[in-house]
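Data block below; observations after.
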Amino acid sequence: MDKMNDYVFDAVVLAGGDYPTASQPLEVLHGAKYVVCCDGAADHYISLGHTPDAIVGDGDSISVANREKYVSILHVINEQESNDQTKAVRFLMAQGKRRIAIVGATGHREDHTIGNVSLLVEYARMGAEVCSFTDYGVFVPCSGTTIHRCRKGQQLSIFCITANALSAEGLLYPIYDFKNWWQGTLNECTGDSVTIHAQGEYLLFFNY
(Lines give C-alpha, C1' and ligand atoms only; values in the text may rest on other atoms or scores of the structure.)
Protein backbone atom coordinates (compact mmCIF):
# COMPACT_ATOMS: atom_id res chain seq x y z
CA MET A 1 0.00 0.00 0.00
CA ASP A 2 1.24 3.48 -0.86
CA LYS A 3 1.62 5.48 2.35
CA MET A 4 2.73 8.71 0.69
CA ASN A 5 0.10 9.46 -1.92
CA ASP A 6 -3.67 9.76 -1.46
CA TYR A 7 -3.52 7.76 1.75
CA VAL A 8 -6.06 8.32 4.51
CA PHE A 9 -4.72 7.90 8.04
CA ASP A 10 -6.85 6.93 11.00
CA ALA A 11 -4.86 9.26 13.22
CA VAL A 12 -1.75 11.42 13.47
CA VAL A 13 0.74 11.44 16.33
CA LEU A 14 2.48 14.76 17.00
CA ALA A 15 5.74 13.79 18.69
CA GLY A 16 7.97 15.97 20.84
CA GLY A 17 10.74 16.79 18.36
CA ASP A 18 10.89 19.88 16.15
CA TYR A 19 7.42 21.15 15.23
CA PRO A 20 6.97 20.66 11.47
CA THR A 21 7.45 23.62 9.15
CA ALA A 22 7.31 22.03 5.68
CA SER A 23 4.03 21.82 3.80
CA GLN A 24 3.87 18.02 3.61
CA PRO A 25 3.90 17.20 7.36
CA LEU A 26 1.72 20.23 8.11
CA GLU A 27 -0.88 19.05 5.60
CA VAL A 28 -0.85 15.61 7.21
CA LEU A 29 -1.24 17.14 10.68
CA HIS A 30 -3.88 19.73 9.82
CA GLY A 31 -5.90 17.29 7.74
CA ALA A 32 -5.95 14.62 10.44
CA LYS A 33 -9.19 12.97 11.54
CA TYR A 34 -7.74 12.44 15.01
CA VAL A 35 -4.65 14.01 16.60
CA VAL A 36 -2.75 12.59 19.55
CA CYS A 37 -0.09 14.87 21.02
CA CYS A 38 2.76 13.41 22.98
CA ASP A 39 2.72 15.47 26.15
CA GLY A 40 5.94 17.24 25.17
CA ALA A 41 4.29 18.52 21.98
CA ALA A 42 0.91 19.47 23.40
CA ASP A 43 1.81 22.95 24.65
CA HIS A 44 3.07 24.11 21.25
CA TYR A 45 0.13 22.59 19.38
CA ILE A 46 -2.35 24.22 21.76
CA SER A 47 -0.53 27.59 21.62
CA LEU A 48 -1.15 27.65 17.85
CA GLY A 49 -4.89 27.50 18.44
CA HIS A 50 -5.43 23.75 18.00
CA THR A 51 -7.08 21.28 20.34
CA PRO A 52 -5.82 17.69 20.27
CA ASP A 53 -8.18 14.74 20.56
CA ALA A 54 -5.88 13.16 23.13
CA ILE A 55 -2.64 13.89 24.97
CA VAL A 56 -0.56 10.84 25.84
CA GLY A 57 2.70 10.40 27.73
CA ASP A 58 4.25 10.25 31.14
CA GLY A 59 2.95 13.74 31.90
CA ASP A 60 6.30 15.30 32.74
CA SER A 61 6.46 17.80 29.85
CA ILE A 62 3.05 19.43 29.63
CA SER A 63 2.48 22.73 31.44
CA VAL A 64 0.52 22.77 34.68
CA ALA A 65 -2.10 25.03 33.09
CA ASN A 66 -2.71 22.72 30.16
CA ARG A 67 -2.58 19.65 32.38
CA GLU A 68 -5.49 21.10 34.34
CA LYS A 69 -7.40 22.50 31.35
CA TYR A 70 -7.16 19.33 29.27
CA VAL A 71 -7.36 16.77 32.07
CA SER A 72 -10.31 15.06 30.35
CA ILE A 73 -8.17 14.09 27.34
CA LEU A 74 -4.85 13.62 29.16
CA HIS A 75 -3.77 9.98 29.40
CA VAL A 76 -0.80 9.65 31.74
CA ILE A 77 1.17 6.43 31.33
CA ASN A 78 3.91 6.29 33.92
CA GLU A 79 5.93 3.27 32.75
CA GLN A 80 9.42 4.19 31.54
CA GLU A 81 10.15 1.19 29.30
CA SER A 82 8.81 3.02 26.23
CA ASN A 83 8.88 6.62 25.05
CA ASP A 84 5.88 8.90 24.57
CA GLN A 85 5.73 8.26 20.82
CA THR A 86 5.33 4.53 21.48
CA LYS A 87 2.75 5.17 24.17
CA ALA A 88 0.76 7.25 21.68
CA VAL A 89 0.93 4.54 19.02
CA ARG A 90 -0.20 1.87 21.49
CA PHE A 91 -3.01 4.15 22.67
CA LEU A 92 -4.26 4.44 19.09
CA MET A 93 -3.93 0.76 18.30
CA ALA A 94 -5.95 -0.08 21.41
CA GLN A 95 -8.76 1.92 19.79
CA GLY A 96 -8.42 -0.01 16.54
CA LYS A 97 -6.61 2.84 14.76
CA ARG A 98 -3.85 1.12 12.77
CA ARG A 99 -3.13 3.56 9.93
CA ILE A 100 -0.97 6.08 11.74
CA ALA A 101 1.14 9.02 10.59
CA ILE A 102 3.77 10.51 12.86
CA VAL A 103 5.04 14.07 12.56
CA GLY A 104 7.49 16.00 14.71
CA ALA A 105 9.57 12.93 15.60
CA THR A 106 12.93 14.33 14.50
CA GLY A 107 15.12 17.21 15.61
CA HIS A 108 16.38 18.31 19.03
CA ARG A 109 18.55 15.35 20.12
CA GLU A 110 19.99 13.08 17.44
CA ASP A 111 19.76 10.01 19.66
CA HIS A 112 16.02 10.61 20.10
CA THR A 113 15.66 11.01 16.34
CA ILE A 114 17.38 7.68 15.63
CA GLY A 115 15.33 5.99 18.32
CA ASN A 116 12.03 7.39 17.04
CA VAL A 117 12.78 6.38 13.45
CA SER A 118 13.93 2.87 14.37
CA LEU A 119 10.74 2.35 16.38
CA LEU A 120 8.73 2.44 13.15
CA VAL A 121 9.82 -1.16 12.52
CA GLU A 122 8.55 -2.15 15.97
CA TYR A 123 5.18 -0.55 15.24
CA ALA A 124 4.94 -2.44 11.96
CA ARG A 125 5.61 -5.66 13.88
CA MET A 126 2.70 -4.71 16.15
CA GLY A 127 0.43 -4.53 13.09
CA ALA A 128 0.42 -0.79 12.49
CA GLU A 129 0.54 0.75 9.02
CA VAL A 130 2.74 3.64 10.00
CA CYS A 131 5.10 6.21 8.54
CA SER A 132 6.89 9.28 9.84
CA PHE A 133 6.85 12.61 7.99
CA THR A 134 9.77 14.99 8.53
CA ASP A 135 10.42 18.40 7.00
CA TYR A 136 12.49 16.71 4.28
CA GLY A 137 10.82 13.39 3.51
CA VAL A 138 8.97 10.38 4.84
CA PHE A 139 10.20 7.19 6.53
CA VAL A 140 8.29 4.01 5.69
CA PRO A 141 8.95 0.65 7.42
CA CYS A 142 8.68 -2.30 5.04
CA SER A 143 9.17 -6.03 4.81
CA GLY A 144 9.27 -8.41 1.88
CA THR A 145 8.48 -7.11 -1.60
CA THR A 146 6.88 -3.65 -1.72
CA ILE A 147 5.85 -1.31 -4.54
CA HIS A 148 5.83 2.46 -4.09
CA ARG A 149 4.79 5.34 -6.25
CA CYS A 150 7.44 8.01 -6.73
CA ARG A 151 8.57 10.55 -9.29
CA LYS A 152 11.49 10.40 -11.68
CA GLY A 153 14.59 11.80 -10.00
CA GLN A 154 13.21 11.49 -6.48
CA GLN A 155 15.86 10.44 -3.98
CA LEU A 156 15.35 7.28 -1.96
CA SER A 157 17.41 5.77 0.83
CA ILE A 158 17.16 2.18 2.04
CA PHE A 159 18.17 1.12 5.55
CA CYS A 160 18.44 -2.61 6.21
CA ILE A 161 17.08 -3.86 9.51
CA THR A 162 16.81 -7.63 9.10
CA ALA A 163 16.63 -7.69 5.30
CA ASN A 164 18.65 -9.78 2.89
CA ALA A 165 18.28 -10.89 -0.74
CA LEU A 166 17.77 -7.24 -1.72
CA SER A 167 17.07 -6.21 -5.30
CA ALA A 168 14.97 -3.56 -6.96
CA GLU A 169 13.37 -2.25 -10.13
CA GLY A 170 13.03 1.45 -10.80
CA LEU A 171 16.23 2.65 -9.12
CA LEU A 172 19.25 4.28 -10.71
CA TYR A 173 21.78 2.27 -8.71
CA PRO A 174 21.57 -1.48 -8.04
CA ILE A 175 21.01 -2.54 -4.45
CA TYR A 176 22.46 -5.49 -2.56
CA ASP A 177 22.62 -6.85 0.97
CA PHE A 178 23.84 -3.71 2.74
CA LYS A 179 25.99 -4.23 5.83
CA ASN A 180 26.02 -0.57 6.92
CA TRP A 181 23.26 2.04 6.85
CA TRP A 182 25.17 4.47 4.63
CA GLN A 183 25.41 1.95 1.80
CA GLY A 184 21.75 2.28 0.87
CA THR A 185 21.50 6.07 0.96
CA LEU A 186 20.97 8.53 -1.88
CA ASN A 187 19.61 6.25 -4.56
CA GLU A 188 17.28 7.72 -7.17
CA CYS A 189 13.97 6.72 -8.74
CA THR A 190 14.04 6.39 -12.51
CA GLY A 191 10.30 6.46 -13.13
CA ASP A 192 6.94 6.72 -11.40
CA SER A 193 7.26 3.59 -9.26
CA VAL A 194 9.88 1.52 -7.51
CA THR A 195 9.75 -2.12 -6.45
CA ILE A 196 11.92 -3.39 -3.62
CA HIS A 197 12.45 -7.13 -3.21
CA ALA A 198 13.75 -8.41 0.12
CA GLN A 199 13.48 -11.08 2.72
CA GLY A 200 13.06 -9.33 6.04
CA GLU A 201 12.62 -5.76 7.22
CA TYR A 202 13.96 -2.44 5.99
CA LEU A 203 13.25 1.27 6.22
CA LEU A 204 12.74 3.51 3.21
CA PHE A 205 13.19 7.28 3.20
CA PHE A 206 11.63 9.17 0.31
CA ASN A 207 12.88 12.73 -0.08
CA TYR A 208 10.11 15.16 -1.03
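The values are calculated or read from the model by the stated rules, or taken from the named source; none is laboratory data. What you see is a predicted model; the values in this text were computed from it and never measured. Heads up, the Cβs are rebuilt from the backbone with ideal geometry, glycines too, and the neighbour counts pull from every protein chain shown.
See the values below:
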| read-out | value |
| --- | --- |
| First in the range 179-190 and over 18 Å from Ala165 (Cβ atoms) and in the same structural domain as Ser157 (by TED's automatic domain parsing), second anywhere and modelled with pLDDT of 95 or more and surrounded by fewer than 16 Cβ atoms within 10 Å (Cβ to Cβ), Cβ under 6 Å, 6 or more apart | Glu188/Leu172; Thr190/Leu172 |
| The range 178-208, residues that are in contact with a helix residue (DSSP H, G or I) (Cβ under 9 Å, 6 or more places away or on another chain) and either of a type in the set (Val, Ile, Thr) or not in a strand (DSSP E or B) (or both) | Phe178, Tyr208 |
| Test set (1) at pLDDT below 95; (2) of a type outside the set (Lys, Arg); (3) in contact with a helix residue (DSSP H, G or I) (Cβ under 9 Å, 6 or more places away or on another chain); (4) over 28 Å from Phe205 (Cβ atoms) - Gly16 fails condition number | (4) |
| Filter result for Gly127 (closer than 23 Å to Asn180 by Cα and not in a strand (DSSP E or B)) | no |
| Matching entry among Val28, Val56 (being in a strand (DSSP E or B), in contact with a strand residue (DSSP E or B) (Cβ under 8 Å, 6 or more places away or on another chain), buried (at least 17 other Cβ atoms within 10 Å of the Cβ) and not assigned by TED's automatic domain parsing to the domain that holds Leu156) | Val56 |
| Candidates Ile147, Ile175, Ile158, filtered to the one that is among the hydrophobic types (A, V, I, L, M, F, W, C), touching a Gly at 6+ places or on another chain (Cβ under 7 Å) and part of a strand (DSSP E or B) | Ile158 |
| Residue tally, condition of a type in the set (Phe, Trp, Tyr) and exposed (fewer than 14 other Cβ atoms within 10 Å of the Cβ), over the range 182-208 | 1 |
| Checklist (1) crowded, with 23+ Cβ neighbours inside 10 Å; (2) in the same structural domain as Tyr173 (by TED's automatic domain parsing) applied to Ile102, failing item | (2) |
| Filter result (of a type in the set (D, E, K, R) and touching a Lys or Arg at 6+ places or on another chain (Cβ under 9 Å)) within the range 98-141 | Arg99, Glu129 |
